[in-house]
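Q: Next up is a structure, given as structure tokens.
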Amino acid sequence: MPLWIHPVLAGAFLIVSYRLVRTSGAGLRVAVLLMALLNAGVLWLLAATGPAWGVVAVALVSLVAAAHGLLAAAQALAARIQRVDTEGLRGLIRQAADAAGPQVVGVCVMFSGALALTAFADDTNPEGRQFHLMPGADCPFCLVEDQIRDFLGPVDPLLAEYRTHLKEGSSRHLLVKRRSEREPWTGRLRDRVYYRAPGPARRPPCAVHDPLLGRP
């Protein structure tokens, strides 16, 4: 068997694997872990059975394929995100609140200062469609707290919990859901350590939240 067969097969296997993982719906961290394990296994096997130059060649092919896959995933994600203004955001939340059947609504202030809304899950978008309100004149943290009050009540303990996390610099993801329109909404804060509160330059002044975030 020619020496070049093993590197060619290994490179083709990794390229196909990248595409399968990217289109499988796996999260970014899971996808990166899977591909890291596949790379380690393939390169180890190639080093044991193929020529030395094959390991370098396949590693370069894998790197290019990984960069292409990440770019394609970022472009696909950006294409699915719809930008809205404040009134449009409130209108979408009202639609989700009034919709029949099970509903899940997620709201989060990202490190960029934008507010992300996820709602309207269906067969095409099992995790829901995503909408972004870009930084503007409205405090995004106030908008998140408005959803806690509107969905869960004006004195729900989740409000104090949300502000406690803000004091620590963590912008938690609010998830509210119900199984049917006959059942009440329930809520929780998603515990993700990398949701950091945006810096002062990325959010408008707010008399309520500036003291919590260390801006007088």
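Q: What about ALA48, is it open to solvent by less than 60 Å² (accessible area, probe 1.4 Å) and either at pLDDT below 80 or not acidic (Asp, Glu) (or both)? Full working, then the answer.
A: Working: open to solvent by less than 60 Å² (accessible area, probe 1.4 Å): no; either at pLDDT below 80 or not acidic (Asp, Glu) (or both): yes.
It is false that ALA48 is open to solvent by less than 60 Å² (accessible area, probe 1.4 Å) and either at pLDDT below 80 or not acidic (Asp, Glu) (or both).
Q: How many of the residues in the range 111-132 are surrounded by 14 or more Cβ atoms within 10 Å (Cβ to Cβ), more than 16 Å from TYR195 (Cα to Cα) and of a type outside the set (Lys, Arg)?
A: Total meeting the criteria: 6.
Q: On to the next question. Taking interchain pairs and intrachain pairs at least six residues apart, which have beta carbon atoms under 7 angstrom, with the first residue in the range 58-84 and of a type outside the set (A, V, I, L, M, F, W, C) and modelled with pLDDT of 75 or more and the second surrounded by 11 or more Cβ atoms within 10 Å (Cβ to Cβ) and assigned to a helix (DSSP H, G or I)?
A: Sorted first by the residue in the range 58-84, then by its partner, the pairs are SER62/LEU14; SER62/ASN39.
Q: Identify all residues within the range 19-45 that are modelled with pLDDT of 75 or more and crowded, with 18+ Cβ neighbours inside 10 Å; write none if there are none.
A: MET35, ASN39, VAL42, LEU43, listed by residue number.
Q: Run ASP210 past the list (1) closer than 15 Å to MET110 by Cα; (2) without any contact (Cβ under 8 Å) to a residue 60 or more places away in the chain; (3) open to solvent by less than 50 Å² (accessible area, probe 1.4 Å) and report the number of the one that doesn't hold.
A: Answer for ASP210: the failing condition is (1).
Q: Out of the range 133-178, which residues are hydroxyl-bearing (Ser, Thr, Tyr) and either open to solvent by 30 Å² or more (accessible area, probe 1.4 Å) or under 18 Å from the mean Cα position of the chain (by Cα) (or both)? Break it down into steps so the answer makes sense when it comes.
A: Here is the first cut: in the range 133-178, the residues hydroxyl-bearing (Ser, Thr, Tyr) are 162, 164, 170-171.
Residues satisfying the conditions are THR164, SER170, SER171.
The values are calculated or read from the model by the stated rules, or taken from the named source; none is laboratory data. Bear in mind that the values here come from a model prediction, so they are computed numbers and not experimental data. Virtual Cβ from ideal backbone geometry, glycine too; neighbours counted across all protein chains shown. Ligands, DNA and RNA are excluded from the accessible area calculation, which covers all protein heavy atoms including side chains. Shrake-Rupley method; radii C 1.70, N 1.55, O 1.52, S 1.80 Å.
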